[in-house]
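A short worksheet on the structure shown next.
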Amino acid sequence: MKRNHIYKTVLGIAMVALTLTSCSDEWDNHYNATAQGTLNGTLWEAIQRDPNLSNFASVVSACGYDKSLGGNQVFTVFAPTNNNFSAEEAQRLIQSYNAEKGKMDDDDITTVKEFVQNHIALYNYSVSSTSNDSIVLMNGKYAKLTHDAIDGIKFLTSNQHYGNGVLFTLENKVQFFSNLFEYLRKDTDLDSLRSFFYNSMFYRQEFQPDKSVAGGIVDGKTIYLDSVFLQQNDLFEEEFLDAKLNTEDSTYLMVAPTNRVWKELVEEYGNYFNYDNTVQDRDSLVYTNTRLGIVGGTIFSRTFNSDAVLRDSAMSTNCVMNPNYRRSRWGADSLHYYQYYKPLSAPDGVLTGAANIACSNGTMFKSDNWKFDKLNTFHRIRIIEAEKGGNIREVSKVKNTSTQEDEETVTPKVRYVVTGNKFYNKVSNNGFVEFDPQKTTVNHTVYFNIDNVLSNVGYDIYLVTAPALAADSNATAIQRLPTILRCTLGYHNQEGNEESKELISSVTTQPDIVDAILLAKDFKFPVCTYGLVEEKPQVWLKLETRVSSTQLRNNTHTRTMRIDCILLKPHEE
């Protein structure tokens, strides 16, 4: 689909899948325990022998991890004893595993991820009286390992070395602490948001052979003993949300709409992303951009949003902090989209009134009272700079009777406003285009491309012209003459056919000011072009000079056009 290959690969946390056998000396040398006093047998055999680990063993076996813990790959196991892990709890986990088996990736099954992998780490870990380490469990979670506990859960026994790893027994279970991405699966009030983030269009696990450990070749195929998968979600890419919600390395605040809010917003926003029927992957674009319209700007990295900063404003991962980048992306450095004033204290603060849920990588704010204004997120002012490359679609041409070749009647020349000129910082981006007539006997036509418009929302459309004095403070009276323009807007209908509408038949520019000419009020495009990468954009504005030969001879008007920008401003009553 369009929008710059929306489903590109982004990020993930390493998840270790279980595979099975070793047939290489190199593997054995790397992973065999080296500690003195290694006990006989494997980790699985040790767990089976201990009657106080029977409940833990039943879950491990039901999930298929007995094969790995009985193989050559090295693990450290933190096994809760039966004292605080009952047979009933174990049975509930097994039933949950069986209910989810085959319906999702094995590493996403709740019992596997939140219990089995939460009590196992790759490689040998032992403790001493000075231990105070952070280790990574198989599910990617970080755990604090001290001389007598893991994440505060006390050891009953420790440092029991077996042929394929180390066994600890615990007085209780290691608590699983969901990250923001994982929490979405737990809260039924957020089912709609979960369905979007976990949609298979964006979410998948990809095997990483270059990061996995090969154990040999069987029947011509490589057998991997340590298989590494990356949890990929294209929505977390910089182009979209720019937030690694599924990792433990970054910390965020996230505002999540409840199902009720989500339903209302999808119904409203879906009208704004109505693409014409000829657009490739139309349905996917409607689905994706409608929902990105909701979640865009709702995630805040704690790197840039400390408690002190949040007292004043919140900068989401979609905001642009650098003024120069804001000018490039939004059209003006004064536009602060995806940033919010007084998020915690103002009555309409985006974080106020929401329930707080602590997660392993931040805080979820569950909101049933949505405070995000679309005018501060996706429904933005569109500034089409005349001087920006690609914005001029074409200019009028006439046939040279001698060469029989088409020749342009005007030449676009970029002019800049320099410091000290009275129009400095009054002309948008301090640049405009002067269309210098090459044929003096005809009127001229210029087409401008307009991209990224929404459908079924009102725009006030302005044409902004620049004065000759903006480029030359000594411009003569002849150079400063006004021109007369006719303006026509072109766009597609639902079937993808081009339509046009004359916005204004005749308007005279004001010669010595930056003139914002209102061409249309509350104009609604029938279809959307938001995010489309088009060689020939669907939407265009046609400008035609309408100066008569008499006006030209009498020096009352000029056919020179000086265009600053085209402005599409969301209509507000």
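The values are calculated or read from the model by the stated rules, or taken from the named source; none is laboratory data. The model shown is predicted, which means the values in this text are computed figures rather than measured ones. Ideal geometry is used to build each Cβ from the backbone, glycine not excepted, and the neighbour counts take in all protein chains shown. Note: accessible area is taken over every heavy atom of the protein model, side chains too, but ligands, DNA and RNA are not part of it. Shrake-Rupley method; radii C 1.70, N 1.55, O 1.52, S 1.80 Å.
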Restricting to region 96-107, give me the number of residues that are at pLDDT 85 or above and either among the charged types (D, E, K, R) or in contact with a His (Cβ under 8 Å, 6 or more places away or on another chain) (or both).
3
Any residue in region 317-345 that's at negative phi and open to solvent by 60 Å² or more (accessible area, probe 1.4 Å): show its pairings with residues that are in a loop (DSSP other than H, G, I, E, B) and of a type in the set (S, T, Y) at Cβ separation under 8 Å, as long as the two are six or more apart or on different chains.
L344/T352; S345/T352
Which pairs do you get when a residue that is without any contact (Cβ under 8 Å) to a residue 12 or more places away in the chain and aromatic (F, W, Y), found in region 397-426, comes within reach of a residue that is open to solvent by 90 Å² or more (accessible area, probe 1.4 Å) and not in a strand (DSSP E or B), reach meaning Cβ atoms under 8 angstrom, with the pair 6+ apart or on two chains?
Y424/V418
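Return yes when F423 is open to solvent by less than 10 Å² (accessible area, probe 1.4 Å) and at pLDDT 95 or above and no when it is not. Before you say what the answer is, go through the steps one by one.
Values: open to solvent by less than 10 Å² (accessible area, probe 1.4 Å): no; at pLDDT 95 or above: yes.
So F423 fails the test.
Please go through region 71-87 and pick out each residue that is crowded, with 18+ Cβ neighbours inside 10 Å and of a type outside the set (A, V, I, L, M, F, W, C). Explain how you work it out, then say what you get.
Taking region 71-87 as the starting set, the residues that turn out to be crowded, with 18+ Cβ neighbours inside 10 Å are 71-81, 85.
Within region 71-87, G71, N72, Q73, T76, P80, T81 meet the criteria.
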Show me the strands (runs of 3 or more DSSP E) found entirely inside region 431-541 where at least 2 residues are aliphatic (A, V, I, L, M) and open to solvent by 50 Å² or more (accessible area, probe 1.4 Å).
515-524
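Part of a loop (DSSP other than H, G, I, E, B) and β-branched (V, I, T): does that describe T317?
Numbers: part of a loop (DSSP other than H, G, I, E, B): yes; β-branched (V, I, T): yes.
Yes, satisfied.
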May I ask you to list the residues in region 242-289 that are modelled with pLDDT of 95 or more, more than 13 Å from the chain's Cα centre (by Cα) and of a type in the set (S, T, Y)?
T251, Y252, T258, Y269, Y272, Y275, T278, S284, Y287
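Determine, yes or no, whether T111 is of a type in the set (S, T, Y), over 24 Å from A358 (Cβ atoms) and modelled with pLDDT of 95 or more. Working first, answer last.
Working: of a type in the set (S, T, Y): yes; over 24 Å from A358 (Cβ atoms): no; modelled with pLDDT of 95 or more: yes.
Here the answer is no, as T111 does not meet what is asked.
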Of the residues in region 111-163, those that are open to solvent by less than 60 Å² (accessible area, probe 1.4 Å) and of a type in the set (V, I, T) come to T111, V112, V116, I120, V127, I135, T146, I150, I153, T157
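Scan region 164-175 and tell me whether some residue there is under 40 Å from the mean Cα position of the chain (by Cα) and open to solvent by less than 20 Å² (accessible area, probe 1.4 Å). Step through it out loud before you land on a result.
Within region 164-175, the first condition is being under 40 Å from the mean Cα position of the chain (by Cα), and the residues that meet it are 172-175.
Next cut, open to solvent by less than 20 Å² (accessible area, probe 1.4 Å) only: 174.
Yes, some residue in region 164-175 is under 40 Å from the mean Cα position of the chain (by Cα) and open to solvent by less than 20 Å² (accessible area, probe 1.4 Å).
If a residue must be part of a helix (DSSP H, G or I) and either surrounded by fewer than 18 Cβ atoms within 10 Å (Cβ to Cβ) or on the phi > 0 side of the Ramachandran plot (or both), how many such residues does region 35-65 contain?
Taking region 35-65 and keeping what is part of a helix (DSSP H, G or I), we get 43-49, 51-62.
From what's left, either surrounded by fewer than 18 Cβ atoms within 10 Å (Cβ to Cβ) or on the phi > 0 side of the Ramachandran plot (or both): 45, 49, 51-52, 54, 58, 61.
So the answer is 7.
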Looking for something crowded, with 19+ Cβ neighbours inside 10 Å, within 22 Å of E171 (Cα to Cα) and in contact (Cβ under 8 Å) with a residue 12 or more places away in the chain - is there at least one such residue anywhere in region 88-103?
yes
If S192 passes every condition in (1) part of a strand (DSSP E or B); (2) among the small types (G, A, S); (3) open to solvent by less than 40 Å² (accessible area, probe 1.4 Å) but one, which one does it miss?
(1)
For region 124-148, what are the residues that are part of a loop (DSSP other than H, G, I, E, B), on the phi < 0 side of the Ramachandran plot and either under 35 Å from the mean Cα position of the chain (by Cα) or of a type in the set (D, E, K, R) (or both)?
L137, M138, N139, K141, D148
Failed item, numbered, when D373 is tested on (1) farther than 21 Å from L235 by Cβ; (2) surrounded by 19 or more Cβ atoms within 10 Å (Cβ to Cβ); (3) modelled with pLDDT of 95 or more
(2)
